[in-house]
Amino acid sequence: MDNEKLLDRIKNMKIVPVAVLNSVEETIPKMQALVNGGLPCAEITFRTPCAAEAIALAVKTFPDMLIGAGTVINAEQCEKAIAAGSQFIVSPGFSEEVADCCKKHGMLYLPGIVTPTEAMAAISKGLTVLKFFPASNYGGLKTIKAICAAFPYLKIMPTGGISADNILEYLAYDKILACGGSWMFSGTPAEIEEKTKKAVELVKNA
């Protein structure tokens, strides 16, 4: 799947669940919960040592899911994520070495930004779809609108502080590609499935 089709798929889903997995054993039941809830997508973060193994297992077990790697902060992690089968790479900030690694592999990269300077650094690498993180700490939608006024060709995926209480406000702005969030990815697999179903229903007509 090429990067434009990946972006279209992300846009259609409207939510990218941010998944922190503390053990490989959590992977299948929790990914299955997202699928059962109607959201076959996950950004599995590199915050835990099992991330690459969990990504590889998720990709193998759920070939129709959109599986990406999050919290990727250097080229070494990026190479591991790509080798594991990640379909997109997400960073909390902008990393030139991760951008270069993704370009080398033709991989979709969504770097984090919160300022015009960071946006310009990403744009200089040809990146125009950016993560805004942590959204709630840096002015949320108000700041996103100010940045997009300066760079009207940007598309933004806000993450951080996104919840069922505010996601519709974000999605109503036409520069928002989708929202990253972790609120549905907590509790047991059954609880994740139920929260995911509610999230999907909430954004269905956004």
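The values are calculated or read from the model by the stated rules, or taken from the named source; none is laboratory data. Model, not experiment: these values are computed from the prediction. Backbone-built Cβ (ideal geometry, glycine too); neighbour counts: all protein chains shown. Ligands, DNA and RNA are excluded from the accessible area calculation, which covers all protein heavy atoms including side chains. Shrake-Rupley method; radii C 1.70, N 1.55, O 1.52, S 1.80 Å.
Numerical summary
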{"quantity": "Residue check for Pro111: closer than 28 Å to Ala199 by Cβ and either open to solvent by less than 60 Å² (accessible area, probe 1.4 Å) or in contact with a Phe, Trp or Tyr (Cβ under 9 Å, 6 or more places away or on another chain) (or both)", "calculated": "yes"}
{"quantity": "Count of residues meeting criterion [touching a Lys or Arg at 6+ places or on another chain (Cβ under 7 Å), farther than 21 Å from Val200 by Cβ and in a helix (DSSP H, G or I)] in the stretch 147-171", "calculated": "1"}
{"quantity": "Matching residues, the stretch 148-170, being farther than 21 Å from Gly70 by Cβ and out of contact with any strand residue (DSSP E or B) (no Cβ under 8 Å at 6 or more places or on another chain)", "calculated": "Ala149, Ala150, Phe151, Pro152, Tyr153, Asp165, Leu168, Glu169"}
{"quantity": "Ser186 being within 22 Å of Leu39 (Cβ to Cβ) and in a loop (DSSP other than H, G, I, E, B)", "calculated": "yes"}
{"quantity": "One residue from Asp174, Asp100 being assigned to a helix (DSSP H, G or I) and either farther than 17 Å from Ala42 by Cα or open to solvent by 70 Å² or more (accessible area, probe 1.4 Å) (or both)", "calculated": "Asp100"}
{"quantity": "Residues of the stretch 62-79 that turn out to be in a loop (DSSP other than H, G, I, E, B) and open to solvent by 10 Å² or more (accessible area, probe 1.4 Å), as a count", "calculated": "6"}
{"quantity": "Test result for Ile144, part of a strand (DSSP E or B), open to solvent by less than 30 Å² (accessible area, probe 1.4 Å) and in contact (Cβ under 8 Å) with a residue 12 or more places away in the chain", "calculated": "no"}
{"quantity": "Residue that is farthest from the chain's Cα centre (by Cα), among those in the stretch 103-129 that are polar (S, T, N, Q) and outside any helix (DSSP H, G or I)", "calculated": "Ser124"}
{"quantity": "Unique match (being open to solvent by less than 30 Å² (accessible area, probe 1.4 Å) and either free of Cβ contacts under 8 Å to residues at least 40 places away in the same chain or of a type outside the set (Phe, Trp, Tyr) (or both)) among Gly187, Gly160", "calculated": "Gly160"}
{"quantity": "Matching residues, the stretch 8-32, being within 22 Å of Leu108 (Cβ to Cβ), part of a helix (DSSP H, G or I) and either open to solvent by 20 Å² or more (accessible area, probe 1.4 Å) or charged (D, E, K, R) (or both)", "calculated": "Asp8, Arg9, Lys11, Asn12, Met13"}
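Here is a yes/no grid of residues against (1) crowded, with 16+ Cβ neighbours inside 10 Å; (2) of a type outside the set (Asp, Glu); (3) assigned to a loop (DSSP other than H, G, I, E, B):
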{"position": "Leu34", "(1), (2), (3)": "yes, yes, no"}
{"position": "Leu39", "(1), (2), (3)": "yes, yes, yes"}
{"position": "Ala56", "(1), (2), (3)": "yes, yes, no"}
{"position": "Lys60", "(1), (2), (3)": "no, yes, no"}
